[in-house]
Amino acid sequence: MENCPCGSLFPYNDCCALLIQGGGYADTAEDLMRSRYSAFVKKKWDYLARTSLHSSKSAEDYQQSSENTNWQRLEIHGSQGGNHDDAKGQIEFSAWYSDGKSEKVLREHSHFEKKEGRWYYDEQGSHTVTPSAKRAAPQKTVVRSDPKTGRNDPCPCQSGKKYKKCCGK
């Protein structure tokens, strides 16, 4: 059994295939984003059209725009919202692919919206973070020089208020 292209380490048939084949709906924005990536890999153009919000793209449009694309791997950098109880969510990710000539990476900040209990990709709200290029340079981890200010600590701006009531809002 093959692993799911979304990177979950679950078998494809137990993961994104269930959503793509209409056996259920994504619980979170990240689940939808992962299943859409898998749909690109598996060339399931109808699913991409069905799960798009504010898009005029048809299944044929998705097929034509990805005809010579070989998707290789997905990496999620972070998310905001998009949980089961949220109405909106954002996912930042990188997707590596080859166009037959060279390897490239698409880095996108995707927006998702829940309508009538179902998550949709919001193409109008989403944008590419960096242009396609060779592998993205790894980001450096930020190291604090001072300890993190706690919510109940005095505010570093010296206002005399607690951090949570001042700059920590």
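Data for the structure
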{"item": "Out of S56, S110, S98, S65, sole residue that is among the hydroxyl-bearing types (S, T, Y) and over 26 Å from N3 (Cα atoms)", "result": "S56"}
{"item": "Qualifying positions in region 27-84 - on the phi > 0 side of the Ramachandran plot and not in a strand (DSSP E or B)", "result": "K43, H54, G82"}
{"item": "Test result for S65, of a type in the set (S, T, Y) and touching a helix residue (DSSP H, G or I) at 6+ places or on another chain (Cβ under 7 Å)", "result": "no"}
{"item": "Pair list, Cβ < 6 Å and 6+ apart or interchain, from region 1-15 residues that are at pLDDT 90 or above to residues that are of a type in the set (K, R) and open to solvent by 30 Å² or more (accessible area, probe 1.4 Å)", "result": "C6/R34"}
{"item": "Residue within region 43-53 that is among the charged types (D, E, K, R), crowded, with 18+ Cβ neighbours inside 10 Å, under 20 Å from R73 (Cβ atoms) and touching a strand residue (DSSP E or B) at 6+ places or on another chain (Cβ under 9 Å) present", "result": "no"}
{"item": "Residue list for region 91-125, filter: among the polar types (S, T, N, Q) and either outside any strand (DSSP E or B) or surrounded by fewer than 18 Cβ atoms within 10 Å (Cβ to Cβ) (or both)", "result": "S94, S98, S102, Q124"}
{"item": "Qualifying position, being in contact (Cβ under 8 Å) with a residue 60 or more places away in the chain, in contact with a helix residue (DSSP H, G or I) (Cβ under 8 Å, 6 or more places away or on another chain) and either open to solvent by 50 Å² or more (accessible area, probe 1.4 Å) or of a type outside the set (S, T, Y) (or both), among L74, L19", "result": "L74"}
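The values are calculated or read from the model by the stated rules, or taken from the named source; none is laboratory data. The structure displayed is predicted, hence computed values, not measured ones. Glycine also receives a Cβ, built like all others from the backbone with ideal geometry; neighbour counts cover every protein chain displayed. Please note that ligands, DNA and RNA were not included when accessible areas were found on the heavy atoms of the full protein model with its side chains. Shrake-Rupley method; radii C 1.70, N 1.55, O 1.52, S 1.80 Å.
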